Protein chains: 4
Amino acid sequence: MEGKMKAIVKNNAGPGAELMDVDIPTPGPGQVLIKVKSTSICGSDLHIYKWNNWAEKNVKLPQIMGHEVAGKVIALGENVKSVKEGDFVSAETHIPCGHCYQCKTGNRHICENMKILGVHTDGVFAEYAILEEVDVWHNDPSIPAESASIQEPLGNAIDTIRAGDVTGKEILITGAGPVGLLAVGVARAFGATKIIVSEPNEYRRKIAKKMGADLTLDPINEDLLSLVIKNTDGRGVDFTAEMSGNKNAIQQGLKSVRPGGSMALLGLPDDPISIDLTQDLIFKAVNLIGITGREMFKTWYIAGRLLKENRLNLSPVITHTFPLADFEKGMKLMEEGNCGKIILKP
Amino acid sequence: MEGKMKAIVKNNAGPGAELMDVDIPTPGPGQVLIKVKSTSICGSDLHIYKWNNWAEKNVKLPQIMGHEVAGKVIALGENVKSVKEGDFVSAETHIPCGHCYQCKTGNRHICENMKILGVHTDGVFAEYAILEEVDVWHNDPSIPAESASIQEPLGNAIDTIRAGDVTGKEILITGAGPVGLLAVGVARAFGATKIIVSEPNEYRRKIAKKMGADLTLDPINEDLLSLVIKNTDGRGVDFTAEMSGNKNAIQQGLKSVRPGGSMALLGLPDDPISIDLTQDLIFKAVNLIGITGREMFKTWYIAGRLLKENRLNLSPVITHTFPLADFEKGMKLMEEGNCGKIILKP
Amino acid sequence: MEGKMKAIVKNNAGPGAELMDVDIPTPGPGQVLIKVKSTSICGSDLHIYKWNNWAEKNVKLPQIMGHEVAGKVIALGENVKSVKEGDFVSAETHIPCGHCYQCKTGNRHICENMKILGVHTDGVFAEYAILEEVDVWHNDPSIPAESASIQEPLGNAIDTIRAGDVTGKEILITGAGPVGLLAVGVARAFGATKIIVSEPNEYRRKIAKKMGADLTLDPINEDLLSLVIKNTDGRGVDFTAEMSGNKNAIQQGLKSVRPGGSMALLGLPDDPISIDLTQDLIFKAVNLIGITGREMFKTWYIAGRLLKENRLNLSPVITHTFPLADFEKGMKLMEEGNCGKIILKP
Amino acid sequence: MEGKMKAIVKNNAGPGAELMDVDIPTPGPGQVLIKVKSTSICGSDLHIYKWNNWAEKNVKLPQIMGHEVAGKVIALGENVKSVKEGDFVSAETHIPCGHCYQCKTGNRHICENMKILGVHTDGVFAEYAILEEVDVWHNDPSIPAESASIQEPLGNAIDTIRAGDVTGKEILITGAGPVGLLAVGVARAFGATKIIVSEPNEYRRKIAKKMGADLTLDPINEDLLSLVIKNTDGRGVDFTAEMSGNKNAIQQGLKSVRPGGSMALLGLPDDPISIDLTQDLIFKAVNLIGITGREMFKTWYIAGRLLKENRLNLSPVITHTFPLADFEKGMKLMEEGNCGKIILKP
């Protein structure tokens, strides 16, 4: 398809990005072109926008930003077999090589040669975008584009909560940013019988309540560990889902786990963290589980069914919707923290 | 404690039972005496009442019937450490030996020397009853005695549904007798995204809907397999929970499972059943899982939390409540099938 | 590559096959051409040779037979990324679609649109053969071509034995045909502490002993169940691996499993089989596990490492080696049963 | 039984212990008296002998030391049902309460009210010793008493190696003290295809080779991480078993794990340790598994079968045998490190 489109482009190695007119891209072999219906902002978009160390190492300029998306397929490259024009799709954002040890053993989400949409390739903050066929996810038509766009981070939340086998369990979620809030809803949908949420931001604690938290606490002004112990018959939680990357959350979250329990880590701490392995992990026979990305595509099937069958209401998490042109408002809100998920619409 | 109590006693090797005055029993070492608050009728009680082959082989007469119970501890035998007078308790009904291979490896529910409360020992359809300390379960005071009594069959339902890892899954439940109905509620609480229930009795199909079934069907007048396929994108369900023991339900339920799925069997067929292992199990890489009793005590913790935290509403399943003296009305209703769970109160 | 090659071709809808000169094929996009070093005969080759019902339904004539293979890559089609000329490779024989539910969730071996090498496409009983890139497995150069060729059925054995988590376990293997014999060696390598093998053919029982069986028995002249019980402290085995498809083996093999144990089925019975689900599966809380094909590619990594590190000696199983031209001798031996694995060499 | 016996008694809050004459104890209800055939020295015995902080907090004086044992039952207390005089037994050393959450859910080895034989009760470095019935393990008569005594630490090794599902895997074991050496043998018996052992002591590295290590390295003079990477196709090991408690071993051992792999920790570090969770755990989707004690009694069944069926040869690990009176030689050797397992015989 020829012509120009609006896109948010990262042009310079420094803070900021620009809304520009660029060429509409053409899908190559094994690729499809979509017309973007909805996108949403991820924490990593903010890192690229602000140009932190991680961004500097990983992103080649210039590049279109964004990776959370829902849209309609409008053109197919060669050799595409499982997608057709008009399909309503979202995108897995891992682009696996397909041939490494991980890809060959069912772990494409930790591919040894991984590329990420919007990090290593042009992204989706635009009117049109290219997706790899292997990353195309077909949405049920009943799902709103805004929700469909959020399925990617919802998958992170699902993978994290699944690690805890939370049905009938008492759990702690540390950090109620957008993915943490999704995790609260997922844990509720999966049958956790008690969900305690630790989050310093009051705005987000309130959303956590709406998503199904039984108890929320402020770890700055309240004692996380003693509150957990008090609310779990003195035993500690069965499972902690760590969604913040915060040092205290990690240390206190691990101490909050009962003997024989487990803890999953999705939030990324900036620095190494000191852990009392003897007392907090070994003597308690606790499992500490690293979570990255989303299992392809088990989590997508679960996400799709939760949304299609209305088992999970995402509306409390979607706090703001902006036109693409106002992306800087979204970035600012993300940085301040008084938001859930922010939608950008072309 | 001295004195007499009312009890439903099986005296004769034939149909029927009698409400009689018998001595209040005295707890021996490792036993406790409870004042019964609520009991409920199980299918096996009906077998004993009607005196089928299984009953004839297993029950020594005379014997007090019943095993589902909730009550208050009023006396302790010697060496009881974990129970005290006044405790509000229910009873696990497996009485494991504690020393066999199964007991030593965490599978007490399939003890090689198992006894069952109310089958091999005097039961709980009485004003007072003896429990083994190892079988005592402490209830949260907020749980009604009627619900507390039903936790034992609820545990069967939980074990069956847990076998399917149903979160985010599409499942079939064949048979909506009392335990099947509990299984519907459990599957809903555990996050199954689609629950199809097959049950010939209309009264029970209606309760299944109240417990959370998305679709109910009548396997006598509708085609089970084609309805399942139609409602699962042509693929079949992820999991079938077989709660009826019926031959057609077992055969059709297995055919309804998608490749890579699984099926748990709790219902007990009277006779061997012909299975097309090549097509229905091997080529599909399906697991067929035998379920018996309840894992001690994982299922109890889950049951207790579901009830305490109001994640599961048992009231649609509890269709009738009778005084102990009217037990024959209960047995008759159980036989006819127009009931859910029937409570007997001393 | 132009020219002619020798190949075993199934030309007619009836018993038999012919060694013919045919064109050397040209690899299409995503395909590679190999020079065949070694092939081996599978039971399904015999079915095609004899033209049973299954063959009639699945095979389109004319077609080159065979699917177990090792060889050297000599030409690449377009878009092949992970293979280069000169590579020493074997072939996974499932050709998955890559886009169905099973393929998208890590179960390519039960793809909903599966094709099989040598069944739905031209096979490897030839001097040259075409492989799909997705099916190419890179062999360590130290592995003999004969062993490399057998890795495909070895994968079936590995998948079956893995299902039983046999380390430190006492197990029964029913059926010591070529895959059953491989299963004995795999179970030994995986740390099973007692391996009982049931097999009517004395020639094969002797090989089973060489592969590591602790006890072999003849189910025609000895009582399988009582021998198992006698040799397992009266308890039954932890796991039965059923490799025969025989009705009695299936029924007795299931009765041989202890409470809480499991049984995997790889052998394909011709007809439905009557199972006493109540006594043999439900009351014992036993799992019955259908096995088909090989998990792609977990089993290949295990197979490759066992061979490379000399943890598994395949030589007792490789009983005959013929030139391609003598394939009819191999088919006859396979039918009679006095053989292990039969190698065909171009 | 009346009379006096020799026993190694810890009398004073400081280094050392004494061989004394004390009364032969009398078994209480649920206890048995054994005549000790063999005992062995554990690292925790050395801690008590040297009186470190942990010992000071946990041990009440005076107390008989030791917990690894094999012997013959010579007297029974009341209510003992599963043991009889003359039985050849060993001892699980966890004494669980039986009533807490962990005990009720199959995790007696992490009982919330745990006592340890020889730490919280009189131990087995004596001519006679008291065991709780719940802790009695029946040995096969064919197993030598020295090996039977070592089954307790062998269980630690089994639990650690089982956590890694090592069959067909490439693994690293950091630390080849007595339990690390047992872990090497266990990993070999369980079908690990490559076992790399890191251990600074040359004497122990040599024993590791005898137990089945494919490669041993000296982490002081060689670069652990680069050697692991070099020997695992550049990918890292599937599993690390950490048996040393050493800070560098933990940090390097975790970095040595491939994406999607896991690491079990049995060795107890003295202090909290800094972990790069983002790079080493989260991005790699690695599991870190705390191991304590031995699962009761799954590991014992495995240990017993490995020894009975001669799948595991313990003789390279048993480096020294002393009479009870020479226990100080044993303690000295343990401290220096030029030993494997040290046997003490009354």
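The values are calculated or read from the model by the stated rules, or taken from the named source; none is laboratory data. All values derive from a computational prediction rather than experimental measurement. Cβ atoms come from the backbone with ideal geometry, glycine included; neighbour counts cover every protein chain shown. SASA here: full protein model, heavy atoms, side chains in, ligands and nucleic acids out. Shrake-Rupley method; radii C 1.70, N 1.55, O 1.52, S 1.80 Å.
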Task: Ascending list, in nanometres, of distances separating the D:L19 label from those of the other copies (7 Å, Cα toward Cβ) - done: 7.6, 7.9, 8.9
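Calculate, in whole percent, how much of the Cα-Cα pair population of the range D:163-290 lies beyond 24 Å.
Details: 1283 of 8128 pairs.
Pairs farther apart than 24 Å: 16 percent.
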Task: For the range C:163-290, size of Cβ-based charge dipole, Lys and Arg +1, Asp and Glu -1, in debye - done: 400
Open item on the list: Please compute, for peptide C:299-311, the average count of beta-carbon atoms on other protein chains lying within 10 Å of each residue's beta-carbon.
Closed with: 4
TODO: Given the options B:N221, B:N52, B:N248, state which has the largest fluctuation in a GNM of chain B using a 10 Å cut-off (strictly under) for Cα springs.
DONE: B:N221
Task: Average accessible area per residue (Å²) across the range A:217-264 - probe 1.4 Å, nucleic acids and ligands excluded - done: 38
Task: Within-15-Å neighbourhood charge of C:Q252 [Cβ basis; K, R +1; D, E -1] - done: -2
Task: Percent of beta bridges antiparallel (DSSP, the protein assembly as shown, rounded to nearest 5) - done: 55
TODO: From other protein chains only, count the Cβ atoms within 10 Å of every residue's Cβ in A:167-179, then give the mean.
DONE: 3
Task: Total formal charge among the other residues, if their Cβ is under 14 angstrom from that of D:G293, Lys/Arg +1 and Asp/Glu -1 - done: -1
Open item on the list: Viscosity 1.567 mPa s, temperature 4 °C: what is the translational diffusion coefficient of the range B:198-250 from Stokes-Einstein with a Kirkwood Rh over Cα pairs, rounded to a whole number of µm²/s?
Closed with: 109
Open item on the list: Measuring nothing but label to label, 7 Å from Cα along Cα→Cβ, what are A:D223's distances to the other copies in nm, shortest first?
Closed with: 4.7, 6.7, 6.8
TODO: Give me a single rounded figure for D:94-100: the average over its residues of other chain Cβ atoms within 10 Å of their Cβ.
DONE: 2
Open item on the list: Using a 7 Å offset from Cα along the direction of the beta-carbon, what are the separations from B:Q279 to the same position in each other copy, nm, ascending?
Closed with: 2.8, 5.8, 6.3
Open item on the list: Given a 10 angstrom Cα cut-off, can you work out which residue in C:E78, C:E202, C:E133 is the most mobile in a GNM of chain C?
Closed with: C:E78
Open item on the list: Taking a cut-off of 45 Å, what percent of all Cα-Cα pairs in the protein assembly as shown are separated by more than that?
Closed with: 45
Task: Under 16 Å from A:K4, Cα to Cα: aspartates and glutamates that are on another chain or at least 8 residues apart - done: A:E18, A:D21, A:D23, A:D122, A:E127
- [ ] Can you spot the aspartates and glutamates whose alpha carbon is less than 18 Å from C:K169's alpha carbon? Ignore those fewer than 8 places along the same chain.
- [x] C:D159, C:D214, C:D233, C:D238, C:E242, D:D140, D:D159, D:D165, D:E295, D:E309
Task: Sequence-separation-based contact order of chain C, relative, with Cα cut under 8 Å and 6+ spacing, percent - done: 17
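Nothing charged except the Cβ atoms of Lys and Arg (+1) and of Asp and Glu (-1): what's the magnitude of the dipole of the range C:224-273 about its Cα centre? Round to the nearest 20 debye. Walk me through the numbers on the way to the answer.
On the way: 5 positive and 5 negative charges, 46 e Å.
Approximately 220 debye in magnitude.
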- [ ] Quickly rank D:207-217, A:5-15, C:119-129 as a protection proxy: mean count of other C-beta atoms within 10 Å, highest first.
- [x] C:119-129, D:207-217, A:5-15
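Run through the DSSP bridge list for the range D:163-290 and note the antiparallel percent, rounded to the nearest 5.
0
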- [ ] Report, in whole Å, the centroid distance computed from the Cα atoms of the range A:282-346 and the range D:1-31.
- [x] 63
Task: For the range A:193-346, with +1 on Lys and Arg beta carbons and -1 on Asp and Glu, the positive-most of A:L217, A:G290, A:G340 along the dipole - done: A:G340
TODO: Treating only the Cβ atoms of Lys and Arg (+1) and Asp and Glu (-1) as charged, compute the dipole magnitude of chain B about its Cα centre; round to the nearest 20 debye.
DONE: 680
Open item on the list: Can you say what percent of the DSSP beta bridges in chain C, counting only those with both residues inside, are antiparallel? Round to 5.
Closed with: 55
Task: Between the range C:233-274 and the range D:199-258, the alpha-carbon center distance in angstrom - done: 41
Open item on the list: If packing is taken as the average number of other Cβ atoms within 10 Å across a peptide's residues, how do C:315-322, D:240-247 rank, most packed first?
Closed with: D:240-247, C:315-322
- [ ] Look at the axis of the rotation that sends chain A onto chain B, then give the chain A residue with the nearest Cβ and the distance in whole Å.
- [x] A:G191, 3
Open item on the list: Using C-alpha positions alone, give me the convex hull volume of chain D per residue in cubic angstrom.
Closed with: 129
- [ ] Enter the accessible area of B:C111 (Å², nearest 10), with the probe set to 1.4 Å and all protein chains included.
- [x] 10
